[in-house]
Amino acid sequence: MNTIAPSDSLSSSSISTINYRLPQIEQLLQHPDLADYVRLLSRPVVTNTLRQLFTSIRQHPDFKTQGVNDLDVMTLVLDSCRQLYRRRQQRVINATGIAVHTNLGRSPINEQIWDSVKAVNTGYNNLELKLSDGKRGDRNGLLSTLIQSWIGAEDCVVVNNNAASVYLVLHALAAGKEVIVSRGEQIQIGGGFRIPDILALSGCKLVEVGTTNITTSDDYINAITDNTAMVLMVHQSNFSMQGFTESPDIQDVAERLPEHVSLVIDQGSGLSSEQYAQSEVSLPRYLQMGVDLVCFSGDKIIGGPQAGIIAGCSKLCQQLAKNPMMRTFRPGRIVLSLLEQLLVQKLNRDPAAIGVAQQALDRAKVSQALAQQWALRWKAYAQAVPLMMQVGGGAIPSETYPCYGLKLTLPGNAQLHLDALRELPIPIIGYVNSNQLLLNVATLLDSDHAVFIAQLDDYIQSYTNTEVK
Ligand SMILES: *Cc1c(COP(=O)(O)O)cnc(C)c1O
């Protein structure tokens, strides 16, 4: 198994002795079991951790009278290092059934795409240099051209994340003016991103129209004054409203808006086709309806790096690009080069560029065979069960998709096993439902399969003392 995490195994040759002095930290750092942690955490960080640990041992009332067992000290040392290492960013296996999972880094970037931008990032590049005349250029590179081919937008601006997109659009195009927003869209998206707050911070005046469940075209049109700069529509990303609801005909709003009012949609997910979600409107369709700007995340459905993409009317994009706040929101070349590479491959219909959401939806269809095959491997301890998966990350909130997963039945409490799977060298993140430990197979990446099986082989064997074949 390819693990980078230390095993925490104590060398069996150690003989336990009671000491009244703690070991020298410098000497301890030579211990082979600590070498891995020095590599993973750095020598100064490990040294400081050991110092703090030893201070607390020395202050313990029993220390002076009873001393400490040196094996206990080593266990505490390794445990402190391990706790620290667990806070470091590391690979995990997503068996949650939520493809774009905010807690798990949203979109994994395809390995081949990642490798393709290595040279452009590990050397100097032409980020802001026009190779044609040697003068200073902008950092958009080929992105506008690619976005144009992809969703039919005239132009685009890329910022660090989609929350920044919304802020920049409001601040650059509507500061000091009125922005009309439906009462049904006065929402909070994820942690601390509330539409009314963002509006206030960007210096715009919020004009609320409609009701929570119903907003019509007339509601928007009737609210327009000379001081209105924008109609902002926000995708209800983390919930869906059902029952007696009505949303405006967007094309109708677009056609009836006067020249001085722009129509902006915070679409969020980056959905570019309605293939998997008939209830949703894709980016190209919004633009066809006459929406001036759409904004969305780079790391939700499209499967790229974290970024906010604002696409549409060229004149408005240029205004955004010229705004002084752009300087605070502009991404670096890592993000821009990854987006370029992703879009080139997307346009060429390369499977590497389909994004994790679509991948998971495709995998859902073959997840039954996989789950059944693995269930056979772990016989009495695993069962293939039908589950549901979601795209997640605020994309397509109204849809769940059938798929398969594993139900593990191991001696003891399901929650304890769930916690223990997070302790594996490459943590497996599952979930518990009605006291059942579930591992959704649809959100595993192909590259996870081998290590998923190997770790579960070991884990199940350790809990059942049966040979797993
Ligand atoms: C996800 C989302 C955001 C926030 O995007 P980040 O990239 O997380 O900043 C804003 N609006 C909508 C509609 C979203 O779905």
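Values quoted throughout were computed directly from the atomic coordinates according to the rules given, and no laboratory measurement underlies them. Quick caveat, the model's predicted, so the values are computed rather than measured. With ideal geometry, Cβ positions are generated from the backbone for all residues, glycine too; neighbour counts draw on all protein chains shown.
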How much net charge surrounds Gly152 when only other residues with a Cβ under 15 Å from its Cβ are counted (Lys, Arg +1; Asp, Glu -1)?
-> -2
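Rank these for me by crowding, Cys403, Cys295, going from fewest to most other beta carbons within 10 Å.
Cys403, Cys295
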Over all alpha-carbon pairs of segment 109-353, lay out the pair-distance distribution in 5 Å bins, whole %, shortest bin first.
-> 1, 6, 13, 18, 20, 16, 11, 7, 4, 2, 1, 0
Determine the calculated [θ] at 222 nm for the chain from helices alone, applying -39500 (n - 2.57) to every DSSP H run no shorter than 4 residues and normalising by the residue count; nearest 500 deg cm²/dmol.
-> -11500 deg cm²/dmol
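How much of the pair distance distribution for the chain lies past 27 Å, counting alpha-carbon pairs only, in percent?
On the way: 70012 of 109746 pairs.
Summing the P(r) tail past 27 Å for the chain gives 64 percent.
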Any chance you could get the radius of gyration and Dmax over the Cα atoms of segment 14-85, in Å?
-> 11.9, 36
Rounded to the angstrom and largest first, Cα extents along the principal axes for segment 278-359 equal 38, 33, 20
In the chain, which whole DSSP H runs stretch at least 18 Å along their own axis (Cα) and average -0.5 or higher on the Kyte-Doolittle scale?
-> 43-59, 70-85, 333-347, 356-377, 449-464
Fewest-first sequence of Arg91, Arg327 by Cβ atoms within 10 Å of each Cβ = Arg327, Arg91
According to the square roots a ≥ b ≥ c of the eigenvalues of the Cα gyration tensor, what is the shape class of segment 109-153, taking rounded for a/c under 1.5, prolate for a/b larger than b/c otherwise, and oblate for the remainder?
-> oblate
Give me the distance in nm between label points sitting 7 Å out from Cα along the Cα-to-Cβ direction at Glu246 and Gln278, one decimal.
-> 2.3 nm
Only Lys, Arg, Asp and Glu count, each charged at its Cβ (+1, +1, -1, -1), so figure out the dipole size of segment 98-246 about its Cα centre, rounded to 20 debye.
-> 500 debye
Quick one: if you stick a label point 7 Å off each Cα along the C-beta vector at Ser434 and Ser398, how many nm between them?
-> 2.7 nm
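Which FRET efficiency, nearest 0.05, do Leu142 and Arg91 yield, Cβ-Cβ r, R0 35 Å?
On the way: r = 31 Å, r/R0 = 0.88.
That pair, Leu142 with Arg91, gives E of 0.70.
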By a straight-distance test (C-alpha under 20 Å), which lysines pair with Lys118 as possible cross-link partners, with residues fewer than eight away in the same chain excluded?
-> Lys346
What is the distance, in nm, between label points placed 7 Å from the Cα along the Cα-to-Cβ direction at Ile214 and at Gln186?
-> 1.9 nm
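Under a point-charge model restricted to the Cβ atoms of Lys and Arg (+1) and Asp and Glu (-1), what is the dipole moment magnitude of the chain relative to its Cα centre, in debye to the nearest 20? Please list the in-between numbers first.
Numbers: 38 positive and 43 negative charges, 271 e Å.
That gives a dipole near 1300 debye.
Once the piece of chain linking Arg39 and Thr55 is laid out straight, how much longer is it, given 0.36 nm per residue of separation minus the C-alpha distance between them? Please list the in-between numbers first.
On the way: separation 16, 0.36 × 16 = 5.76 nm, distance 2.37 nm.
3.4 nm is the gain from fully extending Arg39 to Thr55.
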Percent relative contact order of the chain, based on C-alpha pairs within less than 8 angstrom and at least six residues apart?
-> 18 percent
Note on segment 14-85: contact order normalised by length, alpha-carbon pairs under 8 Å, 6 or more apart, percent, works out to 52 percent
Considering only Gly123, Ile221, Val209, whose Cα is most displaced toward the positive end of the charge dipole of the chain, charges sitting on Cβ of Lys, Arg (+1) and Asp, Glu (-1)?
-> Gly123
